[in-house]
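Structure, as structure tokens:
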Amino acid sequence: MQIVVREYNTKDFKDLLEIDKEAFSSRNPAYDVYIYLTFGSDFLVADIGGKIVGYIATMDVDKNTGKIISFAVKKEFRGKGIGSTLLKRAIERLRTKGKKKILLEVRVSNLQAQRLYKKFGFRIEKVLPSYYSDGESAYLMSLEINEQ
Ligand SMILES: CC(C)(COP(=O)(O)OP(=O)(O)OC[C@H]1O[C@@H](n2cnc3c(N)ncnc32)[C@H](O)[C@@H]1OP(=O)(O)O)[C@@H](O)C(=O)NCCC(=O)NCCS
């Protein structure tokens with residue numbers, strides 16, 4: 001299984017939409033993906049033989065801060081290290097751009113993603129009450145990357 005992490009290309013749109021639909025219970029995944037593509041400053045995908053199996057989108061918050069705005073791996077490909085590879089590459093890119101801090105929001109119930117973020121050194125900064133449209137709260141997590 002040869003995984004290539006590369007930049008998003010418009011021909012990936014259909015795969016991306018499918019991954020997003022499967023990963024998040026959004027009523028309008030096409031709109032969500034449109035938002036990532038419009039506001040995302042970096043958009044990386046994991047490509048296996050020309051098919052996209054995961055993606056990570058980040059944006060610039062300000063000169064020193066970046067944010068992970070969406071991140072998902074296709075269900076059948078989870079638990080194989082693809083998410084970790086994407087997260088590592090996204091952090092490296094933000095560090096190269098001079099960011100000192102990375103933010104993200106995650107559902108309080110999403111323990112799997114939280115475990116992954118903690119493994120990379122992210123810490124919970126605070127709770128954002130009723131952050132999502134279904135009423136669930138989020139953790140605002142952050143990673144300081146000023147050590148290099
Ligand atoms: C979060 C997500 C992107 C991780 O992607 P992934 O490719 O599964 O990640 P990895 O294979 O690198 O695994 C990372 C860790 O997650 C856990 N994990 C991943 N898949 C798992 C599975 N099928 N069963 C149990 N644990 C699993 C493990 O702790 C693993 O770390 P370890 O291998 O050191 O034990 C993926 O689970 C996903 O798309 N989730 C739905 C969308 C989502 O929640 N996105 C984040 C929103 S903030």
Next item on the list: Answer yes or no: is there a residue in the range 59-73 that is closer than 18 Å to residue 115 by Cα, within 11 Å of the ligand (Cβ to nearest atom), surrounded by fewer than 19 Cβ atoms within 10 Å (Cβ to Cβ) and at pLDDT 95 or above.
Entry: no
Note to self: If I go through the range 14-23 residue by residue, how many of them are surrounded by 13 or more Cβ atoms within 10 Å (Cβ to Cβ) and either farther than 25 Å from residue 91 by Cβ or modelled with pLDDT under 90 (or both)?
What the structure shows: 3
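Specify which of the listed residues (82, 91) is at pLDDT 95 or above and either of a type in the set (Lys, Arg) or under 18 Å from residue 142 (Cα atoms) (or both).
Working: 82 fails: either of a type in the set (Lys, Arg) or under 18 Å from residue 142 (Cα atoms) (or both).
After applying the criteria, what remains is 91.
For (1) touching a strand residue (DSSP E or B) at 6+ places or on another chain (Cβ under 7 Å); (2) among the charged types (D, E, K, R), each residue gets a yes or a no:
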{"residue": "51", "(1), (2)": "no, yes"}
{"residue": "63", "(1), (2)": "no, yes"}
{"residue": "69", "(1), (2)": "yes, no"}
{"residue": "74", "(1), (2)": "yes, yes"}
{"residue": "98", "(1), (2)": "no, no"}
{"residue": "120", "(1), (2)": "yes, no"}
{"residue": "134", "(1), (2)": "no, yes"}
{"residue": "138", "(1), (2)": "yes, no"}
{"residue": "143", "(1), (2)": "yes, no"}
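The values are calculated or read from the model by the stated rules, or taken from the named source; none is laboratory data. Because the structure is a prediction, the values reported are computed rather than measured. Please note: Cβ atoms are built from the backbone with ideal geometry, for glycine as well, and neighbour counts cover all protein chains shown.
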